[in-house]
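The values are calculated or read from the model by the stated rules, or taken from the named source; none is laboratory data. Just so it is clear, the structure is predicted and the values come from calculations on it, not from any experiment. Glycine also receives a Cβ, built like all others from the backbone with ideal geometry; neighbour counts cover every protein chain displayed.
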2 protein chains.
Amino acid sequence: MMLPHVTSEGNHRAVAVFDSGLGGLTVVRSLLEQMPGEDIVYLGDSARVPYGIKSLETVRRFAMEDAAFLSRFNPKMLVVACNTATAAAGEAIRSVSKVPVVDVIAPGVAAALGSTDGGIGVVATEATVRSRAYQRAIQAVDPDREVLSVACPLLVPIVEEGRSEEDPIVNHVLCDYLHDLQRMRPGALILGCTHYPLLGGAIGKLMGPRTRLISSAAAAAAEVRRRLDETDQRNSRSAGGRLECYTTDNPERFAELTERFGGRRADAVHYVGTDELETLSTKDDANDETS
Amino acid sequence: MMLPHVTSEGNHRAVAVFDSGLGGLTVVRSLLEQMPGEDIVYLGDSARVPYGIKSLETVRRFAMEDAAFLSRFNPKMLVVACNTATAAAGEAIRSVSKVPVVDVIAPGVAAALGSTDGGIGVVATEATVRSRAYQRAIQAVDPDREVLSVACPLLVPIVEEGRSEEDPIVNHVLCDYLHDLQRMRPGALILGCTHYPLLGGAIGKLMGPRTRLISSAAAAAAEVRRRLDETDQRNSRSAGGRLECYTTDNPERFAELTERFGGRRADAVHYVGTDELETLSTKDDANDETS
């Protein structure tokens with residue numbers, strides 16, 4: 001494996017971020033907008049993307065490996081920039097991480113609850129919806145709050161395919177998924193997958209001005225900033241943070257797509273094999289067999 | 001790992017089949033229709049599905065692991081029931097396999113060439129199209145044959161989501177992908193992904209009666225039968241073959257979906273972890289890093 005470029009001491013340590021693929025770079029975009037001086041080390045598990053159609057047990061194993069890999073860089077904070085990974089492994093990662101962990105569910109839920117007294121809609125992957133993580137997080141604070149979660153399995157492949165918000169197919173698919181949410185007319189709609197902000201314009205048009213869109217990516221970035229400020233851990237630089245990426249699939253292709261998702265080019269993209277990640281696994285015996 | 005149930009001697013040995021997930025079960029369906037007495041051992045790499053959006057290097061590594069896993073069952077034949085895996089690793093698997101290998105590209109190409117003197121269209125995954133495997137296979141036989149390959153990245157997630165051929169979104173997406181192929185009016189259209197036969201009705205309607213649809217799944221099954229007959233290796237049973245499945249993700253979910261793709265229930269579905277598969281990997285140094 002490459003020796004890390006970004007590891008450093010104290011407040012110069014990087015913020016570590018991982019996702020199943022490219023989607024988490026929307027969190028990086030928000031992080032760099034808010035704190036352009038921070039170094040970021042990012043892992044995108046593109047060889048095993050997407051997580052959202054897989055079982056929570058499998059996603060937990062992958063997410064634990066991703067987190068273990070990033071811990072090698074001695075980061076000052078770990079960001080789980082994938083809603084499915086948060087739903088499957090947020091607590092498990094927090095219980096073993098030596099550094100503070102920020103996920104993408106809790107900040108989005110807080111932002112949604114703070115923005116409306118009305119119902120809250122959630123669009124997310126199949127696995128996230130199945131986990132009921134949003135439902136539980138919202139109703140832990142407000143048990144009577146109306147929540148409607150809708151799984152949107154095609155949105156990740158649509159974004160990964162590079163279709164624009166003007167594409168008629170995108171609108172056709174969104175109409176199909178958002179039908180019940182349009183009828184519900186929620187006060188807030190959480191974009192509960194880090195790919196979805198790239199379709200935020202089209203989703204906003206379909207939902208209308210009464211529904212406030214909450215980007216879990218932006219909310220997570222704001223939470224990272226708040227916690228770094230609170231513990232006086234912000235990098236003293238005000239600009240020039242380095243974005244260093246690792247991917248489990250082709251690094252050239254990853255590098256090409258970094259700008260679209262992350263808003264800027266990566267300073268470097270390195271390959272790390274899933275075989276190497278698997279050696280970091282906390283063995284998981286949760287998958288039983290059936291006959 | 002489970003001790004295999006299906007391993008046996010001589011002609012009673014199983015036919016081993018693998019795919020990135022469920023799609024390869026369409027090959028199993030054709031195999032069992034043609035040879036209901038054969039035992040099948042199937043591996044679906046559902047934890048890392050889909051292969052078709054990933055680099056050929058990564059797919060090759062996964063496919064080599066899948067093939068190595070199935071070789072433990074001492075099969076009489078190995079079927080690479082995934083076009084992307086064939087494109088990425090067909091030759092590599094053949095070069096290390098101790099038993100005959102049937103893939104899903106060569107039989108489909110032979111069937112297409114035999115069915116028309118006109119142009120040949122191919123619909124396939126992004127990785128398969130990028131590999132130019134169909135183009136090369138067709139033009140190796142007939143260098144002047146007109147070939148048009150179109151990548152259809154959304155079709156695998158659409159099939160995996162369970163959308164029917166009557167779904168307006170399915171037709172909308174198919175119209176988008178098939179536009180150039182409709183203009184070409186090919187004599188044959190190869191369904192170059194084992195998921196696509198489940199959309200064969202809708203694709204056939206859009207292409208019209210002049211274009212013959214070639215299912216690479218059915219063509220591969222016919223090739224397996226031909227080669228077993230040729231070498232006198234058919235199971236002496238005429239019915240009652242056992243279908244034993246392994247999956248790298250949740251076996252309950254896999255078991256539920258087996259019938260839709262494979263036309264019958266599996267006799268058993270077992271879990272095998274990708275961490276176990278990774279230990280079978282022929283290490284691949286083809287992924288370089290870029291900065």
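Data table
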read-out: Failed criterion for B:Gly204 (all others in (1) buried (at least 20 other Cβ atoms within 10 Å of the Cβ); (2) of a type outside the set (S, T, N, Q); (3) assigned to a helix (DSSP H, G or I) hold); value: (1)
read-out: Of all residues making up the stretch B:62-82, the number that are more than 16 Å from the chain's Cα centre (by Cα) and either of a type in the set (Phe, Trp, Tyr) or part of a loop (DSSP other than H, G, I, E, B) (or both); value: 6
read-out: Yes/no for A:Ala188 being more than 14 Å from chain B (Cβ to nearest Cβ), at pLDDT 95 or above and in contact with a Ser or Thr (Cβ under 8 Å, 6 or more places away or on another chain); value: yes
read-out: Subset of the stretch B:193-241 [of a type in the set (D, E, K, R) and at pLDDT 95 or above]; value: B:Lys205, B:Arg210, B:Arg212, B:Glu223, B:Arg225, B:Arg226, B:Arg227, B:Asp229, B:Glu230, B:Asp232, B:Arg234
read-out: Count of residues meeting criterion [assigned to a helix (DSSP H, G or I), within 7 Å of chain A (Cβ to nearest Cβ) and modelled with pLDDT of 95 or more] in the stretch B:253-271; value: 1
read-out: Flag for B:Asp284 being within 12 Å of chain A (Cβ to nearest Cβ), over 17 Å from the mean Cα position of the chain (by Cα) and modelled with pLDDT under 95; value: yes
read-out: Number of positions in the stretch B:46-61 that are more than 10 Å from every other protein chain (Cβ to nearest Cβ) and either within 30 Å of B:Asn235 (Cα to Cα) or over 15 Å from the mean Cα position of the chain (by Cα) (or both); value: 0
read-out: The stretch A:119-143 - residue that is hydrophobic (A, V, I, L, M, F, W, C) and either outside any helix (DSSP H, G or I) or within 11 Å of another protein chain (Cβ to nearest Cβ) (or both) and, of those, nearest to the chain's Cα centre (by Cα); value: A:Ala124
read-out: Residue within the stretch B:153-171 that is buried (at least 18 other Cβ atoms within 10 Å of the Cβ) and under 19 Å from B:Leu113 (Cβ atoms) present; value: no
read-out: Count of residues meeting criterion [surrounded by 24 or more Cβ atoms within 10 Å (Cβ to Cβ) and within 14 Å of chain B (Cβ to nearest Cβ)] in the stretch A:66-78; value: 1
read-out: Selected residue (only one of A:Thr274, A:Thr279 is buried (at least 22 other Cβ atoms within 10 Å of the Cβ) and within 14 Å of chain B (Cβ to nearest Cβ)); value: A:Thr274
read-out: So A:Pro107, is it modelled with pLDDT of 95 or more, within 19 Å of A:Arg132 (Cα to Cα) and not acidic (Asp, Glu); value: yes
read-out: The stretch B:144-166, residues that are more than 10 Å from chain A (Cβ to nearest Cβ) and touching a residue at least 60 places away in the same chain (Cβ under 8 Å); value: B:Val159
read-out: B:Tyr196 within 14 Å of chain A (Cβ to nearest Cβ), aromatic (Phe, Trp, Tyr) and under 30 Å from A:Tyr51 (Cβ atoms); value: no
read-out: Residue in the stretch B:207-214 that is polar (S, T, N, Q), part of a helix (DSSP H, G or I) and crowded, with 22+ Cβ neighbours inside 10 Å present; value: no
